[in-house]
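Q: Shown below is the structure under consideration.
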Amino acid sequence: MISLRETHDSDVPHFWAHQSDPDAQHAAAFTGKYHYDRAEFDAHWARIRADAGIVQRTILADGEVVGQIAVFGPPDEREVTYWIDRAHWGRGIATAALTALVDLVPDRPLYAHAAADNTGSIRVLEKCGFAVTGHDRGFALARAAEIDEVALTLT
């Protein structure tokens with residue numbers, strides 16, 4: 001059973017374990033400096049938790065913390081983001097969590113971005129009603145290179 005709940009301080013160490021995984025970072029591609037430094041990671045999460053404009057949830061699978069999901073950004077540019085522990089990829093967790101989040105957050109349009117070769121994430125977004133609306137190139141810190149990116153929108 002997949003569920004979302006408010007994020008607790010005790011979730012952050014789980015998120016660090018998920019998001020500091022080099023293979024997961026490579027798949028996500030567009031990481032931040034905080035993905036590589038625990039102190040920066042903790043400071044990043046303190047800012048997220050203090051920002052009332054961010055809808056942040058912890059993803060649970062059968063009661064276990066398996067990821068996080070959020071909507072952030074200004075009212076006319078709301079964007080979704082999520083990260084699932086690599087050990088739980090391919091089980092439908094991201095699709096279930098994103099479905100629950102878009103039901104929770106009525107804002108439209110919602111935007112998302114993914115590395116063009118991250119077919120799993122693009123498939124999740126499309127299953128949840130997002131459509132590809134653009135292509136771009138950007139610097140992916142996790143790959144230390146400029147790569148292709150896909151923009152998606154849920155209207």
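Q: Please work out which one of (1) closer than 23 Å to Phe130 by Cα; (2) open to solvent by less than 20 Å² (accessible area, probe 1.4 Å); (3) part of a helix (DSSP H, G or I) is the condition Thr95 fails and give its number.
A: Unmet for Thr95, out of (1) closer than 23 Å to Phe130 by Cα; (2) open to solvent by less than 20 Å² (accessible area, probe 1.4 Å); (3) part of a helix (DSSP H, G or I): (2).
Q: Let me ask something else about it. Can you spot a residue in region 56-66 that is more than 27 Å from Gly138 (Cβ to Cβ), more than 16 Å from the chain's Cα centre (by Cα), open to solvent by 80 Å² or more (accessible area, probe 1.4 Å) and touching a residue at least 40 places away in the same chain (Cβ under 8 Å)?
A: There is at least one residue in region 56-66 that is more than 27 Å from Gly138 (Cβ to Cβ), more than 16 Å from the chain's Cα centre (by Cα), open to solvent by 80 Å² or more (accessible area, probe 1.4 Å) and touching a residue at least 40 places away in the same chain (Cβ under 8 Å).
Q: Test each condition in (1) under 26 Å from Glu149 (Cα atoms); (2) touching a residue at least 40 places away in the same chain (Cβ under 8 Å); (3) in a strand (DSSP E or B) for Ala70 and report the one that comes out false.
A: Here Ala70 clears every test but (2).
Q: What's the number of the condition Leu101 fails, among (1) within 20 Å of Ala151 (Cα to Cα); (2) among the hydrophobic types (A, V, I, L, M, F, W, C); (3) open to solvent by 20 Å² or more (accessible area, probe 1.4 Å)?
A: With (1) within 20 Å of Ala151 (Cα to Cα); (2) among the hydrophobic types (A, V, I, L, M, F, W, C); (3) open to solvent by 20 Å² or more (accessible area, probe 1.4 Å) applied to Leu101, the lone miss is (3).
The values are calculated or read from the model by the stated rules, or taken from the named source; none is laboratory data. Note that the coordinates shown come from a computational prediction; the quantities given were computed from them, not determined experimentally. Neighbour counts run over all protein chains shown; Cβ positions are idealised from the backbone, glycine included. Quick note on the areas: whole protein, heavy atoms, side chains included, nothing else; ligands and nucleic acids left out. Shrake-Rupley method; radii C 1.70, N 1.55, O 1.52, S 1.80 Å.
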